[in-house]
Amino acid sequence: MATSNHTKSFAHRMLLRFEGILNKIFGTDLNPFYYLGALGFFFFWVIVASGAYLYAFYKTGIELSYPSVEYITNEQWYLGGIMRSLHRYASDGLVVVMVLHLLREFILGRYRGARWFAWVTGVLLIWLIYAAGINGFFMPWDKLAQYATVSTMEWFDWLPIFSSPLSQSFASQEVLNDRFFSLISFSHATFPLFVLFFLWIHILRISYPVVNPRRRLAVGMLLAMLVLVLVKPVLSQGAADLGVEPRNIGIDWFYLFVYPLLDIWTAGQVWALVVGISLLLGMLPWFPTRNKQIPVAEVNLKDCGGCRLCVADCPYEAVVMRPRSDGMRFMEEAVVVPDRCVSCGICVGACPSSTPFRSEDNYVSGIEMPSLPISVLRNTMATELAKLEGEARVVVFGCDHAANVEKLRSDGVAALSLPCTSMLPPSFVEYALREHRVDGVFITGCRENDCYHRLGGLWTEQRLAAKREPRLRSRAESERIRQFWASSADSKELASELESFRSDLRRLE
Ligand code: HEM
Ligand code: SF4
Ligand code: SF4
């Protein structure tokens, strides 16, 4: 039942180690790497709030824009100045968490199969966020704005879409008119609306998306930004003058990193680079891979009671309900949307008809993973448990994406790895203890707050604590059940926790 998913790339192992260190410093609840997407939303809202303030005082016009930003920055430094700096640093923060989020999803391999949707919409978000951000640098009409505007127009002039060159409008102060300022001001307010719309699309196929970081993490980020704002406030770099080419200006590398390339490459080459990288990124989900996607979940109508538990637990909105089609007395039936299913098996763990306390040998659940039918899981467990010897006989249930539980096998330990720990119906725990009389059940999977399938760890904890359907029935003895969350970088800790569990079991006897 174990798969090659346990073999991790170098980057994956390094990431797990690094996140292990962050877990020690912040705890799994506040590890910023577990909240990169949510931090993206957080920075976005800080940008919107600070931007709204700046808009109240910003004036559009060739003679008005620069002085109005200077007024905000210097005359109102205690609020306007802070807002301006906060606006910039939150924008930079958005790029940092976005890039880390992208790299993390890539390294963890969470961009293939049904996840292509979040990935591709993520790539579109990069373009929108850059469009909004670069537009922002035009607004103060200082020397940096002049550099960013003129370079952008020259860059765009390469595209055969404008009848007259855009850069001509910036040939001198006299040619430039106020319409330009109205346009950039309007587009700087409009782009974020598109960003918000695409953020909504980005998480459309994700159930219970985490869009808010923990409060303490958000407050910490805000305080860190405020310290930065006070230590290094954002200032303009002198009024723009189209008669003089700006020199020695400091650029914002988070947004404008591609601009220095325009000095050494042609506009066409820079377009080829950014469009090429974007296309390559966008097509990554379809590149060949060694890790084969296992078949998606399938509903067996005969055994589906229409209870909706699979719908509630699926992390990817991949199960929907529709009116009953087979004349049975239930109102509804479950249907899997194959394009959305990531083959985690969490729905199988949720389905009441997965219970092993069923009499048929080859029983079928309402929803099944074709790669591991529930009756095969029951039979394999029975075969494995029959082989156990000695004291403190334990069955370990693990996850194909976390620490490899096969390594824990011994005379007294059976190990079964599932596509996600949460594929395990809690009734299997009770069944192993009562019907097979094992001394203990040990459950493991990805690190806390870092389930590969997003919600598996949480659902398992809640089901075992009888806080979520299907619940572990209270008859099961809690001291004979242990949960321990471990990634493939935590194999040693996992082995020692299992040993400590077995020692505790020996004491019970
Ligand atoms: C600043 C922009 C972005 C924000 C605010 C953002 C936010 C989020 C959020 C909140 C989630 C759901 C996380 C969860 O609850 O598990 C998510 C998922 C995801 N994001 Fe982003 N995202 C952004 C950009 C990107 C980019 C640029 C990419 C990659 C090109 C990307 C790829 C993904 C993928 C693949 C998932 C799905 C992960 C899974 O299926 O488990 N995102 N994003
Ligand atoms: S296996 Fe089940 S829970 Fe997982 S994505 Fe597919 S339908 Fe949803
Ligand atoms: S959990 Fe099982 S019984 Fe309930 S709706 Fe889903 S497939 Fe049907």
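The values are calculated or read from the model by the stated rules, or taken from the named source; none is laboratory data. Every value quoted in this text rests on a predicted model; they were computed, and no experiment measured them. Ideal geometry is used to build each Cβ from the backbone, glycine not excepted, and the neighbour counts take in all protein chains shown. Ligands, DNA and RNA are excluded from the accessible area calculation, which covers all protein heavy atoms including side chains. Shrake-Rupley method; radii C 1.70, N 1.55, O 1.52, S 1.80 Å.
Could you tell me which residue out of Val123, Tyr66, Leu94 lies farthest along the dipole of region 24-127 toward its positive end? Charges go on the beta carbon: Lys and Arg +1, Asp and Glu -1, centred on the Cα centre.
Val123
One quarter of the convex hull surface, Cα atoms only: what value does that give for region 158-280 in nm²? The partial results should precede the final answer.
Numbers: hull surface 48.5 nm².
If you wrap the Cα atoms of region 158-280 in a convex hull and average its projections, you get 12.1 nm².
When the Debye formula is applied to the Cα atoms of region 404-446, each taken as the same point scatterer, what base-10 log of I(q)/I(0) results at q = 0.16 Å⁻¹?
Relative scattering, expressed as log10 I(q)/I(0), comes to -0.44.
Can you work out ³J(HN,Hα) from phi for every residue in region 258-265, in order, using Karplus 6.51 cos²θ - 1.76 cosθ + 1.60 and θ = phi - 60°, giving whole Hz and x for Gly and Pro?
Here the 3J(HN,Hα) series is 7, 5, x, 5, 5, 6, 10, 10 Hz.
In whole percent, what relative contact order does region 1-144 give with Cα contacts below 8 Å and a gap of six or more residues? Walk me through the intermediate numbers first.
On the way: 82 pairs, mean separation 37.0, N = 144.
Reported relative contact order: 26 percent.
Could I have the simple spin-label model distance between Ile264 and Ser359, label points 7 Å from Cα toward Cβ, reported in nm to one decimal?
Modelled inter-label distance: 7.9 nm.
Taking every DSSP beta bridge that has both residues in region 363-508, what percent is antiparallel when rounded to the nearest 5? Intermediate results must be reported in sequence, preceding the final value.
On the way: 1 of 16 bridges.
Close to 5 percent.
In what order, largest first, do Arg104, Arg17, Arg88 sit by accessible area if the probe radius is 1.4 Å? Before the final figure, lay out each step's value.
On the way: Arg104 15, Arg17 155, Arg88 60 Å².
Per-residue accessible area, sorted high to low, gives Arg17, Arg88, Arg104.
Let me know the whole percent of all Cα-Cα pairs from region 283-417 that are separated by more than 25 Å.
38
Pick out the long, greasy-scoring helices in the chain: whole DSSP H runs spanning 27 Å or more along their own axis by Cα, mean Kyte-Doolittle at least 0.0.
Span-like helices in the chain: 36-57, 82-107, 116-138, 178-202.
Please list the non-local residues whose amide H lies under 5 Å from the amide H of Val396, H modeled 1.01 Å from N, same-chain partners needing a gap of 5 or more.
Residues meeting the criterion, in which the H sits 1.01 Å from N, are Ala414, Ala415, Leu416, Phe442.
Would you mind calculating the gained length between Ile249 and Phe156 on full extension (0.36 nm times residue separation, minus the Cα-Cα distance), in nm to one decimal?
Full extension from Ile249 to Phe156 adds 31.3 nm.
What relative contact order, as a whole-number percentage, does the chain give when Cα pairs under 8 Å and 6 or more residues apart are counted? Can you show the working numbers first?
Values: 754 pairs, mean separation 73.3, N = 509.
Answer for the chain is 14 percent.
Suppose every Lys and Arg Cβ carries +1 and every Asp and Glu Cβ carries -1, with no other charges. What dipole size does region 94-225 come out with about its Cα centre, to the nearest 20 debye?
Around 1020 debye, computed over region 94-225.
For Glu245, Glu333, Glu406, write out the residues from largest to smallest accessible area, computed with a 1.4 angstrom probe and no ligands counted.
Largest accessible area first, the residues go Glu245, Glu406, Glu333.
Using the Kirkwood radius over Cα pairs, work out the Stokes-Einstein diffusion coefficient for region 314-367 at 4 °C and 1.567 mPa s, in µm²/s as a whole number.
103
Could you run the Debye sum over the Cα atoms of region 369-439, one equal point scatterer each and no solvent, and tell me log10 of I(q)/I(0) at q = 0.22, 0.28 Å⁻¹, two decimals?
So the normalised log intensities are -1.00, -1.47.
Express in nm, to one decimal, how much length is gained between Glu75 and Trp200 on full extension, taking 0.36 nm for each residue of separation and deducting their alpha carbon distance.
Difference between extended and current length: 41.2 nm.
Might you work out the accessible area of His436 for me, using a 1.4 Å probe with all protein chains in place, and round it to the nearest 10 Å²?
Surface accessible to solvent at His436 totals approximately 50 Å².
P(r) for the chain, please, calculated from all Cα pair distances in 10 Å bins and given in %.
Answer for the chain: a P(r) of 4, 16, 23, 20, 14, 11, 8, 3, 1, 0 percent.
Could you run the Karplus curve 6.51 cos²θ - 1.76 cosθ + 1.60 with θ = phi - 60° over region 297-305 and give me ³J(HN,Hα) per residue in whole Hz, x for Gly and Pro?
5, 9, 8, 10, 3, 4, 9, 9, x
For Trp45 and Arg507, what is the calculated FRET efficiency with R₀ set at 56 Å and r taken between the beta-carbons, to the nearest 0.05? Before the final figure, lay out each step's value.
Working: r = 52 Å, r/R0 = 0.93.
The value I calculate is 0.60.
Percentage of Cα-Cα pair distances in region 217-328 greater than 19 Å, rounded to whole percent? Walk me through the numbers on the way to the answer.
On the way: 4721 of 6216 pairs.
When all Cα pairs of region 217-328 are counted, 76 percent exceed 19 Å.
With the full set of protein chains in place, find how many percent of the accessible area of region 418-509 is carbon and sulfur; take the probe as 1.4 Å. Provide the component values of the computation, followed by the final result.
Numbers: 1730 of 3920 Å².
Accessible surface attributable to carbon and sulfur in region 418-509 totals 44 percent.
Given the protein chains as shown and a 1.4 Å probe, how many square angstrom of Thr383 are accessible, to the nearest 10?
About 80 Å², ignoring ligands and nucleic acids.
How big is D for region 187-235, in µm² s⁻¹ as a whole number, if Stokes-Einstein is applied with the Kirkwood radius of its Cα pairs at 37 °C and 0.692 mPa s?
Values: Rh = 13.6 Å.
Roughly 241 µm²/s, to the nearest whole number.
So, taking all protein chains as they sit and a 1.4 Å probe, how much accessible area belongs to Phe191, in Å² rounded to tens?
60
Return the tail of the calculated pair distribution for region 70-224, meaning the percent of Cα-Cα pairs more than 18 Å apart.
It works out to 70 percent of all Cα pairs.
Taking only protein heavy atoms and a 1.4 Å probe, what accessible area per residue, in Å², does the chain have with all protein chains in place? Could you put the intermediate results ahead of the total?
On the way: 24730 Å² over 509 residues.
On a per-residue basis, 49 Å².
What would the Debye equation give as log₁₀ I(q)/I(0) for region 377-509 at q = 0.16 Å⁻¹, counting only Cα atoms as equal point scatterers?
-0.73
Under the rule of at least 5 residues apart or a separate chain, name every residue whose amide H is placed under 5 Å from the amide H of Arg324.
Under 5 Å from the amide H of Arg324: Glu332, Glu333.
In terms of solvent-accessible area of protein heavy atoms at a 1.4 angstrom probe, what is the ranking of Lys24, Lys387, highest value first?
Lys24, Lys387
Output the peptides 180-186, 75-81 sorted from most to least packed, where packing is the average of other Cβ atoms within 10 Å over each peptide's residues.
Packing proxy ranking, top to bottom: 180-186, 75-81.
Mind checking the dipole of the chain: about its Cα centre, +1 per Lys or Arg Cβ, -1 per Asp or Glu Cβ, Debye to the nearest 20?
Rounded to the nearest 20 debye, it is 1120 debye.
Students often get this wrong: which residues of region 121-151 have the backbone nitrogen under 13 Å from the point 7 angstrom along Cα-to-C-beta of Leu183?
Under 13 Å, as judged by backbone N against the label point of Leu183, lie 149-150 of region 121-151.
Write down the radius of gyration of region 90-156 and its Dmax, each obtained from C-alpha positions, in Å.
15.3, 47
So, with +1 on the Cβ of K and R and -1 on the Cβ of D and E, and no other charges, what is the size of the charge dipole of region 400-504 about its Cα centre, to the nearest 20 debye?
380
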